[in-house]
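Enquirer: Starting off with a structure, shown below.
The values are calculated or read from the model by the stated rules, or taken from the named source; none is laboratory data. Just so it is clear, the structure is predicted and the values come from calculations on it, not from any experiment. Cβ placement follows ideal geometry from the backbone for every residue including glycine, while neighbour counts extend to all protein chains displayed. The accessibility values were calculated without ligands, DNA or RNA, using every heavy atom of the protein model including side chains. Shrake-Rupley method; radii C 1.70, N 1.55, O 1.52, S 1.80 Å.
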Amino acid sequence: MTETGPVEMLHAAFPDTIQDVQTFRGDVTVVVDAAQIAKVCTHCRDTKGLDYNFLSDVTGIDYFPQEPRFGVAYHLYSMIHNHSLRLKVLLPGDAPEVQSVTPVFPAANWQEREIFDLLGITFTGHPDLRRILMPQGWDGHPLRKDYPLGYETVQFSFNYDDVDKHKPYAKE
Amino acid sequence: MTIMESRWEGNLEELRGLVSDRAMTGETMVLNMGPQHPSTHGVLRLMLELDGETIINCVPDIGYLHTGIEKNMEAKKYEQAITMTDRTDYLNPMGNNFAFCLAIEKLIDLDVPIRAQYLRVILAELTRINSHLVWLGTHALDIGAMSVFLYCFREREKLLDIFEIVSGQRMMSTYFRPGGLWRDVPDEFEPAVRDFLGYFPAKIDDYEKLLSNNPLWLDRTQGIGFISTEDAIRLGCSGPTLRGSDVNWDIRKALPYSSYDHFEFDVPLGKHGDVYDRYVIRMEEMRQSLHIVQQALDRLPGGPTRSNNRKYVPPPRAELGQSMEAVIHHFKLWTEGFRPPKGEVYVRLESPRGELGCFLASDGSPRPWRVRFRTPSFVHLSVLPHMSQGYMIADLVGIIGSIDIVLGDCDR
Amino acid sequence: MGLTSKLGNMGIVTTRLEDTVNWGRTNAMWPMLFGLACCAIEMMSTQAANYDLSRFGMELMRPSPRQSDLMIVAGRVTRKMAPVLRQLYDQMPEPKWVISMGDCASCGGVFNNYAIVQGVDEIVPVDVYVAGCPPRPEQLIHGIVTLHERIKQERIVDWA
């Protein structure tokens with residue numbers, strides 16, 4: 001089965017929802033309307049001929065300083081037809097929000113939580129949207145491009161004493 | 001927030017909605033397990049709601065090993081970033097190199113010489129055995145079989161010696177590079193691998209003698225941690241955990257990468273989807289890995305081990321003394337790095353634990369814009385609550401062992 | 001020249017109290033089973049047959065901090081883990097020692113970022129640093145022997 005088949009089927013089913021189709025090195029990316037993502041996912045899962053029964057991965061990308069700033073990519077895979085598809089939604093930088101696909105693919109549960117934690121994208125309808133990797137009281141979303149890496153000066157022999165002075169050594 | 005101000009002990013109120021209401025009234029007990037616990041394979045923390053000894057709810061709390069690797073890789077050049085990938089899944093360092101290198105190669109459409117592909121397969125399969133040995137040792141140790149741990153680590157040393165022969169490091173080898181390998185394997189490599197191939201099959205038999213028909217082992221593993229075929233697919237399981245539930249999906253077969261389609265091997269499947277089936281599958285996988293290594297070694301072709309594309313791959317040392325062009329390429333690559341085209345790729349490969357995916361987005365600069373590892377441990381751990389409900393708390397360590405989590409892989 | 005020839009007929013050895021105590025401390029040191037990341041795997045290798053840490057009286061890893069007197073911080077310490085680590089250290093009974101195993105625990109290693117504590121010495125006092133990423137088992141054993149040497153230098157006046 002060629003990769004164009006599923007895309008045409010999706011086009012036929014959602015003529016208005018699909019904003020763009022890109023192909024790069026054999027990876028097909030279908031950019032869909034953020035409000036419709038759960039519907040598209042359900043369609044991809046249940047329609048005969050598509051049968052994307054396995055959600056490999058959900059990823060968030062920060063395109064700062066572009067607008068729309070955020071992207072969420074869903075990597076679907078069909079074990080039946082052995083083909084894969086990337087769905088993508090684009091979200092504004094201000095209060096990004098997208099439907100959760102956890103009701104469709106339970107595998108997305110933690111991955112959406114991770115995106116919420118690290119990129120600050122809200123997933124509406126998610127059953128348990130809490131921080132997952134960072135501590136609960138953490139400030140900010142580390143994977144955003146405007147979040148600093150948190151570099152500390154490395155101690156070398158020429159600045160050993162300088163850094164040592166500021167290092168908060170533990171007490172007994 | 002300073003380090004010591006952050007609070008880690010949860011309270012019951014935070015778990016409202018995650019545990020049943022009976023826990024709120026004190027009818028059932030909420031027990032904290034971890035992050036420092038001998039059987040959680042690292043720093044996993046579980047909040048368990050127990051009715052007597054039966055698990056009603058299990059709420060994992062991860063992130064105690066969140067290293068910020070993905071963010072840190074964005075600040076490094078592509079070739080520098082490979083160093084970080086070793087440290088995500090530290091039982092499968094070569095496999096992580098493999099995933100990242102495959103992603104880069106797909107991104108820039110770089111060819112890999114056939115010898116390098118075969119050597120990659122050999123090393124990836126040896127790493128799989130290496131990982132399964134640690135899994136077997138710790139899994140058996142958790143359930144109470146101490147001696148298996150000692151045997152497994154004895155055999156593992158032989159593998160680490162092989163890795164040291166090729167790369168100079170026991171664990172964090174960073175041996176795979178975009179376009180091939182860091183360098184060709186030395187002469188000692190082949191005899192060492194052949195020695196291992198002759199030595200190891202009898203050892204797998206030994207482990208099976210110790211465990212497979214051991215009534216204690218059977219009692220502790222059979223019928224525990226059940227997951228059905230539908231649930232396994234729905235919840236995103238992959239690798240031995242998925243195949244334990246009778247789904248024939250191995251990425252090496254379904255989407256062959258790096259000439260895996262040149263080799264014959266079987267994909268062992270389970271029937272019951274319990275801890276014991278997953279154990280049997282991993283044992284058989286070790287044999288199949290040996291089989292693949294044997295074939296690859298017998299048919300190992302000659303030739304270069306790194307692509308000849310000078311835009312992305314540094315020239316060999318010998319060329320530097322003769323060619324000005326080589327010096328320029330070398331200088332450009334090590335100061336500026338290479339610039340892949342703009343685009344986004346996703347590659348998946350079969351790690352010892354399951355589907356290891358690498359999503360790589362490039363904006364055309366020498367540093368990756370976004371790197372994301374879809375790690376099997378992370379997804380499998382999210383399945384743990386589903387798997388452990390209704391079993392005894394003593395079974396939980398067996399279930400954790402059977403999905404073979406590595407917390408570095410999970411938290412990244 | 002063994003101990004028996006010094007014993008004489010009376011079965012009495014004269015030595016200093018601090019030497020006896022230090023000898024006891026070094027030869028039955030119970031490390032805490034506290035693996036964090038990659039280094040924990042090498043720590044397990046050190047425990048296992050090829051390197052056999054029990055040669056140094058350390059075959060018994062205690063998972064409980066209450067029963068252990070050596071904490072081997074094996075791996076990177078995240079900011080989320082730091083308070084836990086401190087609490088574990090506080091729970092260990094005196095006398096206690098800390099070995100910081102590996103680059104990440106000693107100084108942050110390659111991970112100079114928001115999530116990792118740049119050196120576990122910001123959280124607990126460290127006695128011996130072991131370099132390497134991860135250190136070979138021999139290096140860890142060297143670190144442990146170095147700690148033993150240090151403990152043997154301890155004097156009774158310092159305990160008070």
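Enquirer: How do A:139-150, C:75-86 rank on mean C-beta neighbours within 10 Å, highest first?
Expert: The densest-packed peptide leads the list: C:75-86, A:139-150.
Enquirer: Can you run phi through the Karplus equation (6.51, -1.76, 1.60; θ = phi - 60°) for the stretch B:44-50 and list ³J(HN,Hα) in whole Hz, with x for Gly and Pro?
Expert: Karplus values, whole Hz, x for Gly and Pro: 7, 10, 10, 9, 10, 9, 10.
Enquirer: Net charge near B:Ile165, counting Lys/Arg +1 and Asp/Glu -1 over other residues with Cβ under 14 Å of its Cβ?
Expert: With Lys, Arg at +1 and Asp, Glu at -1, the net is -4.
Enquirer: Using only the heavy atoms of the protein chains and a 1.4 Å probe, how would A:His126, B:His330 rank by accessible area, largest first?
Expert: Working: A:His126 25, B:His330 45 Å².
Highest to lowest solvent-accessible surface, that is B:His330, A:His126.
Enquirer: Around B:Tyr391, which amide H atoms from residues at least 5 apart in sequence, or from another chain, sit under 5 Å from its own amide H, with H modelled in the peptide plane?
Expert: B:Ile55
Enquirer: In whole Å, largest first, what are the principal axis extents of the Cα atoms in chain B?
Expert: Largest first, chain B extends 79, 54, 37 Å along its Cα principal axes.
Enquirer: Tell me the mean residue ellipticity at 222 nm calculated for chain A from its helices only (DSSP H runs of n ≥ 4, each -39500 (n - 2.57), averaged over every residue, nearest 500).
Expert: -6500 deg cm²/dmol
Enquirer: Still on this structure, please answer the following. Can you work out the PRE-style zone for B:Glu53? Point 7 Å along Cα to Cβ, and I want the residues of the stretch B:384-399 with backbone N under 19 Å.
Expert: B:388-399
Enquirer: Sticking with this one: Under the definition of partner shielding as Cβ atoms of other protein chains within 10 Å of a residue Cβ, what is the mean value for peptide C:44-54?
Expert: Mean shielding by partner chains, rounded to a whole number: 4.
Enquirer: Sticking with this structure for a sec: Mind checking the mean number of beta-carbon atoms from other chains within 10 Å of the Cβ atoms in C:130-141? The partial results should precede the final answer.
Expert: On the way: counts 0, 0, 3, 6, 6, 1, 5, 3, 0, 0, 0, 0.
Taking all residues of C:130-141 together, the mean is 2.
Enquirer: Would you mind getting the accessible area per residue of the stretch A:74-146, heavy atoms of the protein chains only, 1.4 Å probe, in Å²?
Expert: Result: 32 Å² per residue.
Enquirer: What does the structure give for A:116-126 when I average, per residue, the other chain Cβ atoms found within 10 Å of the residue Cβ?
Expert: 1
Enquirer: Tabulate in residue order the Karplus-calculated ³J(HN,Hα) for the stretch A:66-83, using 6.51 cos²θ - 1.76 cosθ + 1.60 with θ = phi - 60°, rounded to whole Hz; enter x for Gly and Pro.
Expert: Here the 3J(HN,Hα) series is 5, 9, x, 7, 9, x, 10, 10, 10, 9, 9, 9, 10, 6, 7, 9, 6, 10 Hz.
Enquirer: Same structure, new question: Specify the residue with the greatest mean-square fluctuation among B:Gly137, B:Gly390, B:Gly198, computed from a Gaussian network of chain B linking alpha-carbon atoms under 10 Å apart.
Expert: Largest GNM mean-square fluctuation: B:Gly198.
Enquirer: Within the set of other residues whose C-beta is less than 13 Å from the C-beta of B:Asp277, count the net charge using Lys and Arg as +1 and Asp and Glu as -1.
Expert: Taking every Cβ under 13 Å from that of B:Asp277, the sum is 0.
Enquirer: Using r as the Cβ-Cβ distance of B:Asp266 and B:Trp182, and R0 as 35 Å, what FRET efficiency do you calculate, to the nearest 0.05?
Expert: After rounding to 0.05, the efficiency reads 0.65.
Enquirer: Using 0.36 nm times the number of residues separating B:Leu320 and B:Lys209, minus their current alpha carbon distance, what extension gain do you get? Walk me through the numbers on the way to the answer.
Expert: Working: separation 111, 0.36 × 111 = 39.96 nm, distance 5.58 nm.
Contour length minus Cα-Cα distance gives 34.4 nm.
Enquirer: Working from Cα positions, state the angle (0 to 90°, nearest 10) between the long axis of helix C:38-47 and the longest principal axis of chain C.
Expert: 20 degrees
Enquirer: Cut-off 10 angstrom, C-alpha nodes, Gaussian network model of chain C. Which of C:Met61, C:Met29, C:Met43 fluctuates the most?
Expert: Of C:Met61, C:Met29, C:Met43, the Gaussian network model singles out C:Met61 as fluctuating most.
Enquirer: Here's something else I'd like to know. What distance in nm separates the two pseudo spin-label positions at C:His142 and C:Asp52, each 7 Å out from Cα along the beta-carbon direction?
Expert: Taking the two extended label points, one gets 2.2 nm.
Enquirer: From the gyration tensor of the Cα coordinates in the stretch B:219-358, what semi-axes in whole Å does the equivalent ellipsoid have, largest first, with each one equal to sqrt(5λ)?
Expert: 43, 19, 12
Enquirer: Rounded to the nearest 0.05, what FRET efficiency is calculated for C:Ala28 and B:Asn32 with R0 set to 22 Å and r the Cβ-Cβ distance?
Expert: Once the sixth-power term is evaluated, E becomes 0.10.
Enquirer: What's the angle, to the nearest 10 degrees (0 to 90), between helix B:324-335's Cα axis and the longest principal axis of chain B?
Expert: Roughly 20 degrees between the two axes.
Enquirer: Looking at the protein assembly as shown, send over the antiparallel percent of its DSSP beta bridges, to the nearest 5.
Expert: Percent antiparallel among DSSP bridges in the protein assembly as shown is about 75.
Enquirer: Per residue of the stretch C:74-79, in order, report the coupling 6.51 cos²θ - 1.76 cosθ + 1.60 (Karplus, θ = phi - 60°) as ³J(HN,Hα) in whole Hz, putting x for Gly and Pro.
Expert: Using θ = phi - 60°, the values come out as 9, x, 6, 9, 8, 5 Hz.
Enquirer: Against the longest alpha carbon principal axis of chain B, how many degrees, from 0 to 90 and to the nearest 10, is the axis of helix B:275-298 turned?
Expert: So the helix axis and the longest Cα principal axis differ by about 10 degrees.
Enquirer: Relative to the present Cα-Cα distance, how much length would full extension add between B:Asp111 and B:Ile328 at 0.36 nm per residue of separation? Please report the intermediate quantities before stating the final value.
Expert: Working: separation 217, 0.36 × 217 = 78.12 nm, distance 2.17 nm.
That pair, B:Asp111 and B:Ile328, stretches by 75.9 nm at full extension.
Enquirer: Using the basic label-point model (7 angstrom from Cα toward the beta carbon), what is the C:Arg16 to A:Asp128 distance in nanometres?
Expert: Here the answer is 5.8 nm between the modelled labels.
Enquirer: Just to confirm a number: summing +1 for Lys and Arg and -1 for Asp and Glu over residues other than A:His75 whose beta-carbon lies under 12 angstrom from that of A:His75, what do you get?
Expert: +1
Enquirer: For C:Glu154 and B:Glu190, what is the calculated FRET efficiency with R₀ set at 60 Å and r taken between the beta-carbons, to the nearest 0.05?
Expert: 0.70
Enquirer: Can you give the extra length, in nm with one decimal, that the chain gains between A:Asp162 and A:Gln66 once fully stretched, where that is 0.36 nm per residue apart less the Cα-Cα distance?
Expert: Full extension of this stretch gives 30.6 nm more.
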